[in-house]
There are 2 protein chains.
Amino acid sequence: MRSIAFVLVATASIAGIAAHKAHEPKQTNGQPPAIFVTKIPTGYRDFRFISVAHEAGGLNSLGAVLGNDVAIKAYRTKTLPFPDGTIIAALHYTHSPNAENNQIFGQAQSFTPGSPTNIQFMIKDSHKYAATGGWGFGHFGAHGEPGAEAFMKTCFPCHAREKARDLVFTQYAP
Amino acid sequence: MRSIAFVLVATASIAGIAAHKAHEPKQTNGQPPAIFVTKIPTGYRDFRFISVAHEAGGLNSLGAVLGNDVAIKAYRTKTLPFPDGTIIAALHYTHSPNAENNQIFGQAQSFTPGSPTNIQFMIKDSHKYAATGGWGFGHFGAHGEPGAEAFMKTCFPCHAREKARDLVFTQYAP
């Protein structure tokens, strides 16, 4: 009886695994598909300061890069690769003339955040995000809308060019 | 004997007070002299993010404004005036082209902190800094050197023009 039961359980298990695999996303080149960050990490606005950036040209963007405790500790101890659990947030705003400041300064020279444009994230989980160098990439528009898949697929190939700093372009501002 | 002792003590006290006053800084217009922040507040680099700014023109500066817990809470609850204990830090860096980013983007558009230029502080203590609107102004160069007195005297008259927001120009970036 026991041997029959075992065969039945084994068969059911195999069937179950096969059924599960049938619902998994298609794999290409034997690699798992890319997974992106689909949920805004809690508390990101309280993360601490890493650096700032001004992107001119078509972006016309002013940004701040913040990191959670794991990120900040890794930056300050120059730990590479970044440990699992690292979360880096890039808060982007329009690079807008500040009329009040310009009046105070006496000339047009001051630019501050006009309105938020998007928030982007990099979350380190070397197992979950193995297909994209251990990093989960996320993009959320001004109203929290996630980035389109075609756009999200462009994150990793670009970041992968930064090999020396574990795919992270932003450096720590002292 | 007691009355003589009293007169002697009283005379000594008056002499002591007069001597003390002779060493106090000269008062002008009956107002106490301006006092500036002369010591960099501990832990400022761990303060949380308020906003960023790009000052073009002669300053060519990229900056981040950070605040201690009292500051952040006041900003988020729109509390005015800022409470005593508020500390706001403005970290300034050169607005420098980022060669690596420009190569990735394919055009010259990216500016990040080159090197630190100065850190400026506003510390709220309505009693200690009564002469300057309740705020102590501080400026420290790249190597921690405090700003010259003539320069420090220009902080308050300028900030005093921002009456609606308790002398603070920087607004909170969401």
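The values are calculated or read from the model by the stated rules, or taken from the named source; none is laboratory data. None of these values were measured; they are calculated from a predicted model. With ideal geometry, Cβ positions are generated from the backbone for all residues, glycine too; neighbour counts draw on all protein chains shown.
Odds and ends about this structure:
- Scope the stretch A:107-129; condition within 20 Å of residue A:34 (Cβ to Cβ) and in a strand (DSSP E or B); matching residues: A:118, A:119, A:120, A:121, A:122, A:123, A:124
- Just one of the listed residues (A:120, A:107, A:103) is modelled with pLDDT of 95 or more and either at negative phi or over 17 Å from the mean Cα position of the chain (by Cα) (or both), and it is A:120.
- Of B:89, B:74, all but one fail to be closer than 24 Å to residue A:54 by Cβ, touching a Phe, Trp or Tyr at 6+ places or on another chain (Cβ under 9 Å) and either of a type outside the set (Ser, Thr, Tyr) or within 12 Å of chain A (Cβ to nearest Cβ) (or both); the exception is B:89.
- Tally of residues being touching a Leu at 6+ places or on another chain (Cβ under 9 Å) and under 22 Å from residue B:111 (Cα atoms) across the stretch A:78-104: 9
- Selection count where residues are within 12 Å of chain B (Cβ to nearest Cβ) and among the acidic types (Asp, Glu), scope the stretch A:117-174: 1
- Residue check, residue A:132 under 30 Å from residue B:160 (Cβ atoms), surrounded by 14 or more Cβ atoms within 10 Å (Cβ to Cβ) and in contact with a helix residue (DSSP H, G or I) (Cβ under 9 Å, 6 or more places away or on another chain): no
- Within the stretch B:75-91, the set of residues being free of Cβ contacts under 8 Å to residues at least 12 places away in the same chain and polar (S, T, N, Q) comprises B:77, B:79.
- Here the condition is being out of contact with any strand residue (DSSP E or B) (no Cβ under 6 Å at 6 or more places or on another chain), of a type outside the set (Lys, Arg), in a helix (DSSP H, G or I) and without any contact (Cβ under 8 Å) to a residue 60 or more places away in the chain; of B:104, B:72, it holds for B:104 alone.
- Residue satisfying all of: in the stretch B:75-101; among the hydrophobic types (A, V, I, L, M, F, W, C) and not in a helix (DSSP H, G or I); surrounded by the fewest Cβ atoms within 10 Å (Cβ to Cβ) among these: B:80
- Pair list, Cβ under 8 Å, 6 or more apart: the stretch B:42-60 residue farther than 14 Å from residue A:112 by Cβ and at the interface with chain A (Cβ under 8 Å from one of its Cβ atoms), other residue surrounded by 22 or more Cβ atoms within 10 Å (Cβ to Cβ) and among the small types (Gly, Ala, Ser): B:47/B:67; B:47/B:71; B:47/B:89; B:48/B:67
- Any hit, the stretch A:18-39, residues being within 14 Å of chain B (Cβ to nearest Cβ) and either under 19 Å from residue B:63 (Cα atoms) or modelled with pLDDT of 95 or more (or both): no
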